[in-house]
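The values are calculated or read from the model by the stated rules, or taken from the named source; none is laboratory data. Because the structure is a prediction, the values reported are computed rather than measured. Every residue, glycine as well, gets a Cβ built from its backbone with ideal geometry; the counts of neighbours run over all protein chains shown.
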Amino acid sequence: MADMKDLCILSGSANPKLASDIANHIGVRLCDALVSRFNNGETQILIGESVRGRDIFIIQPTSQPVNDNLMELLIMVDACRRASANSITAVVPYYAYARQDRKTRGREPISAKLVANLMETAGVDRVVTVDLHAGQIQGFFDIPVDHLAASPILAEYFVENPLTDPIVVSPDLGGVTRARTLADHLGTAIAIIEKRRPEPGKAEVMNIIGHIKDKDCIMIDDIVDTAGSLCEGAKALQRMGARSVYACCSHAILSDPAVRRINESNIEKLIITDTVPLPPEKESEKIVVRSLADTIGDVIIRIQSHRSVSQLFK
């Protein structure tokens, strides 16, 4: 096993609690770093201890404010590279711009690819991320990418709090693989909500594929942003005879008015992970947070000790 004294875990300002929990699980302390802003708004990074020859893991989801956190990550990587770090791994549980992964009309950017280019140019040697909106984004990188799934952690909630007759529901056709993975963990069937988007940010439920009558439905998605589609899907399931509706997601962005919509919806519980921090003003009795700190910590240990990461999830 590689010597853990060569390991240095740095935290940006995006999710310091997750970084602290990861370090505690591994049994190391967070390395000293100053992350602040100059008076003109520019990001200031100062690494407070030597990183020469060390293996750096920077914990920094690129969640809101997206551009500030992304720039902070890039500057921290540059600081470590110029300080002669041996390797730099960007642990980015939530990968910003992932929904801009292809051109759907003329003169559109592919921003997810641009973010990958920026990370590599800054000096990142490896990326660890969770539930990319499109798995193909791994191919935007020319460096190793460890793509983790949150479904085992989300499944644990339903194992600990079993439902009478559960079925996993994909909120759209594109999420069937994700729903199938969760269903395999729980040993259930799946159903699919067929919908269309007349315009960005709006969705209309057209049909439900599968038998959900008198079932306890578990909707799963990768990102919950404004929660409009999620709540409309929950209403449709209830209209079609579902006994109850639960929901879970990897990345809870929860832009306004998401929390209000969830509180007013027929969703019993929304199970989320801590890839994105949940601020106090967004806490709700309906929202349950499950931490990925131990999982990410185990991945870091395996990377540092040159062992298989995929074996961890079998």
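Assessment of the range 296-310 against the conditions (modelled with pLDDT of 95 or more, within 20 Å of A179 (Cα to Cα) and either outside any strand (DSSP E or B) or more than 21 Å from the chain's Cα centre (by Cα) (or both)) yields no matching residue.
One residue alone among D131, D125, D78 is touching a strand residue (DSSP E or B) at 6+ places or on another chain (Cβ under 9 Å), more than 28 Å from L254 (Cβ to Cβ) and touching a residue at least 40 places away in the same chain (Cβ under 8 Å), and that residue is D78. Taking the criterion of being without any contact (Cβ under 8 Å) to a residue 60 or more places away in the chain, under 28 Å from S305 (Cβ atoms) and hydrophobic (A, V, I, L, M, F, W, C), the residues of the range 46-58 that qualify are I47, V51, I56, I58. Of all the listed residues (L237, L270), the sole one being part of a strand (DSSP E or B) and crowded, with 18+ Cβ neighbours inside 10 Å is L270.
S20 - would you say it is of a type in the set (S, T, N, Q) and either farther than 20 Å from V127 by Cβ or in contact with a Ser or Thr (Cβ under 6 Å, 6 or more places away or on another chain) (or both)?
Here the answer is yes, as S20 does meet what is asked.
Listed by first and then second residue, the pairs with beta-carbon distance under 8 Å, at least 6 apart or on different chains, first residue in the range 20-39 and closer than 17 Å to I75 by Cα, second among the small types (G, A, S), are C31/G48; D32/G48; A33/S11; A33/G48; L34/G48; V35/S11; V35/G12; V35/S13.
Every listed requirement among (1) among the charged types (D, E, K, R); (2) surrounded by fewer than 20 Cβ atoms within 10 Å (Cβ to Cβ); (3) within 15 Å of the chain's Cα centre (by Cα) is met by R261 save one, (3).
Residue under question is V289, and the condition is that it be surrounded by fewer than 17 Cβ atoms within 10 Å (Cβ to Cβ) and either in a strand (DSSP E or B) or within 18 Å of the chain's Cα centre (by Cα) (or both); does it hold? It is true that V289 is surrounded by fewer than 17 Cβ atoms within 10 Å (Cβ to Cβ) and either in a strand (DSSP E or B) or within 18 Å of the chain's Cα centre (by Cα) (or both). When restricted to residues that are closer than 20 Å to V299 by Cα and surrounded by 15 or more Cβ atoms within 10 Å (Cβ to Cβ), the range 86-113 contains 9.
Of the set (1) within 20 Å of D21 (Cβ to Cβ); (2) touching a Phe, Trp or Tyr at 6+ places or on another chain (Cβ under 7 Å); (3) free of Cβ contacts under 8 Å to residues at least 60 places away in the same chain; (4) not hydrophobic (A, V, I, L, M, F, W, C), all apply to K282 but (2).
Yes/no per residue for (1) buried (at least 20 other Cβ atoms within 10 Å of the Cβ); (2) over 19 Å from the mean Cα position of the chain (by Cα); (3) touching a residue at least 24 places away in the same chain (Cβ under 8 Å):
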| position | (1), (2), (3) |
| --- | --- |
| M71 | no, no, yes |
| V115 | yes, no, yes |
| G135 | no, no, no |
| Q138 | no, no, no |
| F141 | no, no, yes |
| S151 | yes, no, yes |
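Please verify whether S13 is within 24 Å of the chain's Cα centre (by Cα), within 18 Å of L132 (Cα to Cα) and in a loop (DSSP other than H, G, I, E, B), treating the condition exactly as stated. So S13 does not fit the description; no.
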